[in-house]
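Remarks on the structure that follows.
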Amino acid sequence: MKRVVSGIKPTGDLTLGNYIGAMKRWGQMSADPDREHFFFVPNLHALTVRPDPETLHRNSRSAVAWLIASGVDHDHSYIFMQSQVPAHAELMWILNNYVTMGELNRMTQFKDKSSKSAAEGQLVGLYDYPVLMAADILLYDADEVPTGEDQKQHVELTRDIATRFNNIHGETFKIPQPTVQEVGARIMNLQDPTRKMSKSDTDDSGNILLSDDEKTIEKKILKAVTDSGSVVSSGADKPALSNLLVIMSVLTDKPVTELEEKYATAGYGRFKQELAEVVVHGLKPLQHVHEQLMHEGNDKIDKALEHGWWRASELANAKLAQVKEVLGLL
Ligand code: ATP
Ligand code: MG
């Protein structure tokens, strides 16, 4: 059976970009009986932003709730918390010896994120992040890693690390494939369409959060920057409208070309108003489930995590034992 592994970091309130680029698809794919799915919450990865403990704890549980709300079937697939499976951190240390600083220096996410912080924010954890991610994937012999566009480079590095290890020590790791959807793999910030929407941004005016209420969603979309001209259309010279059209396309299941025809002469104002309705309507059922799950006394999150932990530990511990034996680690 093929295995699918992916994760959502608890670094802040989840955004519409996370949902459109990743979780919506995870929800749909998790029902496929021919694949075993693992969707985990990489809370160790979140330490790179040094969150306060309460916030990290709350965001981690909230991420699980959003996974379930996005339709991830937690009976037939596995949701688990990274820190509860210690093999991730252990394999990362091992894999650190199969990757070079030159390779990590080339990672665009590290370049982006480290350039935004002062010297004291340039943590080794941020630099080493792709190696922990490689461990996350390789522990499960994943065949596929469904992510947004921004994570593709990290999955490619994972492939290089696995190939190198296999060449030296013999067939140990499966080489995973990144799978990136065609439309919606990179949702941009509504205030700056040259930057991707990111949940760890401190300014949320250009990010739609999955938890935003109706009024906030409407305000953010109506205030979204647009491009020059007045025709609603997409193209390289229209990054802002292209982004808004993609959001509508994914949430309505209609191709961008059809929406361009429909709204060409509608004017930016009416188009944005209707987009706001689509987003509000699209998120409402998820918000409802999320709210119920986060309610005190609801033990569904814990049950889902326990179920996931059991299967994840079984696979991860077996793979780690195999790697240790190969390396002569007693
Ligand atoms: P952070 O700012 O902490 O890196 P993030 O918003 O980038 O947060 P991640 O936890 O890094 O979220 O990524 C979770 C998943 O969401 C990944 O599959 C990633 O590719 C996808 N993703 C993140 N941002 C976007 C986006 N703007 N558009 C589409 N997919 C996205
Ligand atoms: Mg990210």
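The values are calculated or read from the model by the stated rules, or taken from the named source; none is laboratory data. What you see is a predicted model, and the numbers here were worked out from it, not measured in a lab. Note: ideal-geometry Cβ built from the backbone for every residue, glycine included; neighbour counts use all protein chains shown.
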Filtered residue count, region 158-184, keeping only those that are surrounded by 15 or more Cβ atoms within 10 Å (Cβ to Cβ), of a type in the set (A, V, I, L, M, F, W, C) and either part of a helix (DSSP H, G or I) or not assigned by TED's automatic domain parsing to the domain that holds THR15 (or both): 3
Condition met for VAL131 (assigned by TED's automatic domain parsing to the domain that holds ALA321, without any contact (Cβ under 8 Å) to a residue 40 or more places away in the chain, in a helix (DSSP H, G or I) and of a type in the set (A, V, I, L, M, F, W, C)): yes
VAL246 vs. criteria more than 16 Å from ligand 2 (Cβ to nearest atom), buried (at least 20 other Cβ atoms within 10 Å of the Cβ) and over 27 Å from the mean Cα position of the chain (by Cα): no
Search result, residues across region 206-226 that are part of a loop (DSSP other than H, G, I, E, B) and in contact with a helix residue (DSSP H, G or I) (Cβ under 8 Å, 6 or more places away or on another chain): GLY206, ASN207, ILE208, LEU210, SER211, ASP212, ALA224, VAL225, THR226
Residue in region 148-157 that is assigned to a helix (DSSP H, G or I), buried (at least 23 other Cβ atoms within 10 Å of the Cβ), away from ligand 2 (no atom under 12 Å from the Cβ) and modelled with pLDDT of 95 or more present: yes
Index of the failed condition, VAL49 passing every other in (1) surrounded by fewer than 23 Cβ atoms within 10 Å (Cβ to Cβ); (2) closer than 23 Å to GLN287 by Cβ; (3) touching a residue at least 40 places away in the same chain (Cβ under 8 Å); (4) β-branched (Val, Ile, Thr): (2)
Among (1) at negative phi; (2) surrounded by fewer than 19 Cβ atoms within 10 Å (Cβ to Cβ) - the single one GLY235 does not satisfy: (1)
Test: residue in region 5-16 that is of a type in the set (Asp, Glu), over 17 Å from HIS154 (Cβ atoms) and within 13 Å of ligand 1 (Cβ to nearest atom): yes
